[in-house]
Amino acid sequence: MVRFRVALRAACCWSRRMCFRAEDGILRLTQAHRDKCVACLHPFSAIFLLVLIGFVFVYELWYVLPAIADPRGMWHKLNWLLGVYVVCNILGNWWLGFARSTSVESLSPKRQHPAAGEAHLWHYCTSCQKLVPPRSWHCRLCNACILKRDHHCTFTGNCIGHNNQRYFLGFLFHLTLGSAQALVYNAMLTSKSRAFGVSDPLLMLGQDRSQDPDFEWKYTVAAIFKLNFFLFMVPFGMLALQMLMVQRNSTCYKILDRSYDVGWRRNFELVLGKRCFWTFLWPTIASPLPNDGTQWTQKQFV
Ligand SMILES: [Zn+2]
Ligand SMILES: [Zn+2]
């Protein structure tokens, strides 16, 4: 038992050392090749996202939906409307997340300096060479200090922080909704075509392809259904993680820090603004944030 514990502790230490080394390597790489990383990674991620959304939109609404619902019926039209609404929300939130700057530079010149009696709460950034507000951290890719920095997102091409986290949450929410909608359609088509298991290599062993003239098509339908399940789980997992962090008023940068937790309702208002969850309905709904990202109330520990 003692040997097992020693081995486990050694394995943990080794994996932690490896993680630190990997993180250090990535940080050094982005520092040395910042411009190349930004010039390649961001356009590639944006194009990948747009192509994926375009493919899913066309495949689901032009092919799958007419195959599972009467194209002249009301159900077909309602699902079309839902698909268009979800894609508009994904693209709108994605665009606003990119366009809304959340760097310290976005503050008015007066607010870029601590108010009287607040200087001790601010910290010095060696890269920007100035005092920056609490919860602001420097991003090597953006080359700026970010207000309440959460993480750098390659899909939006900038950092997610105080001013644009609302759009990032809306983006993830509608990605999850859209992929869930596609998953239902694909499940219905796969069931209707009796294609479940066709793309499963183990079941394929016992199948005679020559007996089924639609085998290739069934294989494609079943494979897309399985890929869709993965494409649903990724945004769903990210959304769940983001919601958990917002509910605790922590960030990816300091995921275990709950010192700013002022109650779940207020925590969500600090990110989503005055209209809170109504912002998920449409990206341009006005929802002013309660502060400008420079002043944060800390929880009182007794
Ligand atoms: Zn900085
Ligand atoms: Zn960044």
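The values are calculated or read from the model by the stated rules, or taken from the named source; none is laboratory data. None of the values given here were measured: they were computed from a predicted structure. Note that we place each Cβ from the backbone using ideal geometry, even for glycine, and neighbour counts take in every protein chain shown. These accessible areas exclude ligands, DNA and RNA; they are computed on the full protein's heavy atoms, side chains included. Shrake-Rupley method; radii C 1.70, N 1.55, O 1.52, S 1.80 Å.
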- Residues of region 181-233 satisfying the condition of being modelled with pLDDT of 95 or more and of a type in the set (Val, Ile, Thr): VAL184
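May I ask you to verify whether CYS145 is within 27 Å of the chain's Cα centre (by Cα) and either within 16 Å of ligand 2 (Cβ to nearest atom) or under 27 Å from SER250 (Cβ atoms) (or both)?
Values: within 27 Å of the chain's Cα centre (by Cα): yes; either within 16 Å of ligand 2 (Cβ to nearest atom) or under 27 Å from SER250 (Cβ atoms) (or both): yes.
Criteria met by CYS145.
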- Note on the structure: Residue hits (region 69-98; among the aliphatic types (A, V, I, L, M) and in contact with a Ser or Thr (Cβ under 9 Å, 6 or more places away or on another chain)) are LEU96
- Counted residues, region 102-129 - those being within 16 Å of ligand 2 (Cβ to nearest atom) and open to solvent by 60 Å² or more (accessible area, probe 1.4 Å): 2
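Being without any contact (Cβ under 8 Å) to a residue 40 or more places away in the chain and more than 16 Å from ligand 1 (Cβ to nearest atom), is that true of even one residue in region 165-180? Break it down into steps so the answer makes sense when it comes.
From region 165-180, those without any contact (Cβ under 8 Å) to a residue 40 or more places away in the chain are none; that's our starting set.
No, every residue in region 165-180 fails to be without any contact (Cβ under 8 Å) to a residue 40 or more places away in the chain and more than 16 Å from ligand 1 (Cβ to nearest atom).
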- Message: So, LYS148, is that one within 16 Å of ligand 1 (Cβ to nearest atom), of a type in the set (Lys, Arg) and open to solvent by less than 10 Å² (accessible area, probe 1.4 Å) or not?
- Response: yes
